[in-house]
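Written out below as structure tokens is the structure these notes cover.
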Amino acid sequence: MNLRLLMAGLVVSLCVGCASVEKRTFSTEDGAIRGYDPVAYFTEGKPVKGSESINAKHESGIFHFSSEENLTLFKENPEKFAPQYGGFCAYAMATVLTFPVIPMRGQFATTNSI
């Protein structure tokens, strides 16, 4: 019975700890995902550099967009367009490392690319 209570306490403490972790977004001085427009990967099928004057904050990053239309699409559904894992390499994170993705390659996971 004590073992069950101990295990239940461990599970609850892990869940509470995970829930309170702040989401980070990889950013450089150019912005999140190095200033590339996250919506353009879907609307144009390629990486497009965003404009500093057209931007939105999401989680801890500032995303830049190549058009007002892309900004509007992002604001309507940021989870659809923002990179998963905060813009960090998923494989590296699985090994407890954090490496930023290379947006010019267009290889980052989003919620609708899986």
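Listing for the model above:
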item	result
Difference of contour (0.36 nm per residue) and Cα-Cα distance, Glu69 to Lys57	2.7 nm
Residues with amide H under 5 Å from that of Cys89, placed H, sequence gap 5 or more	Phe99, Val101
Approximate spin-label separation Asp30-Glu79, in nm, with each point projected 7 Å along Cα-to-Cβ	2.9
Qualifying aspartates and glutamates (Cα of each under 18 Å from Cα of Lys49; at least 8 residues distant if same chain)	Glu29, Asp30, Asp37, Glu68, Glu69
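Read the figures in this text as sums done on the coordinates, not as results from a lab. Note that the structure is a prediction, hence the values are computed from the model and not measured. Note: ideal-geometry Cβ built from the backbone for every residue, glycine included; neighbour counts use all protein chains shown.
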